[in-house]
Every structure is written in C-alpha cells, then in structure tokens.
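Following: one structure in structure tokens, then a few remarks.
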Amino acid sequence: MAFVRRHNDLGHMCVVARRGDPIAGQVFIEVDHLDGTRSLFTPAPVVSRGEGAGLVFQKRFEHVEPDQVRQRIEQEAKFDPDLWVLSLDLRGDEIGVDVVRADR
C-alpha cells in the first residue's frame, strides 16, 4: 500500500487492480505509459536479486500492446490466484522500485 500511496501523493494514478493473498501473494506492477503502451514488472527470481536484497522486480514487458500485459496477468493469475496487481499511470519509466538489470 505504501507504493500506491507514494505514487498517488506524486500525482500519478495508482490503484490495486487485483487483490491477492495479503501474506503469500506476489505483486505485479502494470504501468500504463499513457501513450498506448504498457510495461509489466514482476518479482525477480531470488538468484538474480543479490545477497540480502529485499523485494526486487524484473521488467517482463516494456512498452508493449496492452493486451500482451493483460494476457500475461491472466495467465499468471490462473497459476497463482494469490497474485496482486498494482496498476500505475506514468508517462516515464522510473517506477521507484529496485529492478534487476537484464545483463545480470
């Protein structure tokens, strides 16, 4: 909820689009870039996070058609019904979370 509040305080529209299990649910972040494209951030695999890292994300899709992101979320929700989805409207690319680099 801190992520949602922080972005709303910054003037970005951010909502919980899908509620999952408060303890066991993973968090996905869907970003609407307000230009017809979306990006999707998912939890990074533990091996790519580095020692002692907390919650770290990986960019699964970057500036793609909205249907591509929606389909991926639906697919993941079938596999993991505890999944949370945060939906953020943001013109830029910096969402304010730790993201693993692709070359890791």
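Values in this text are rule-based calculations from the coordinates and carry no lab data. Just so it is clear, the structure is predicted and the values come from calculations on it, not from any experiment. As a convention, Cβ positions derive from the backbone with ideal geometry for all residues, glycine included, and neighbour counts pool all protein chains shown.
In segment 26-42, how many residues are surrounded by fewer than 16 Cβ atoms within 10 Å (Cβ to Cβ), on the phi < 0 side of the Ramachandran plot and not charged (D, E, K, R)?
Step one: list which residues in segment 26-42 are surrounded by fewer than 16 Cβ atoms within 10 Å (Cβ to Cβ), which gives 26, 34-36.
Filter once more, keeping what is on the phi < 0 side of the Ramachandran plot: 26, 35.
From what's left, not charged (D, E, K, R): 26.
Matching residues across segment 26-42 total 1.
Kindly list, by first and then second residue, each pair from a residue in segment 3-28 that is farther than 15 Å from PRO43 by Cα to a residue that is surrounded by 12 or more Cβ atoms within 10 Å (Cβ to Cβ) and of a type in the set (Val, Ile, Thr), limited to pairs with Cβ atoms under 6 Å and residues at least 6 apart or on different chains.
Here the result reads CYS14/VAL4; ALA17/VAL85; ARG18/VAL85, each pair linking segment 3-28 to a residue that is surrounded by 12 or more Cβ atoms within 10 Å (Cβ to Cβ) and of a type in the set (Val, Ile, Thr).
Would segment 9-25 turn up any residue that is more than 14 Å from the chain's Cα centre (by Cα), part of a loop (DSSP other than H, G, I, E, B) and at positive phi?
Checked against the condition, which is being more than 14 Å from the chain's Cα centre (by Cα), part of a loop (DSSP other than H, G, I, E, B) and at positive phi, segment 9-25 yields at least one hit.
Is one or more of the residues making up segment 64-83 of a type outside the set (A, V, I, L, M), surrounded by 13 or more Cβ atoms within 10 Å (Cβ to Cβ) and in a strand (DSSP E or B)?
no
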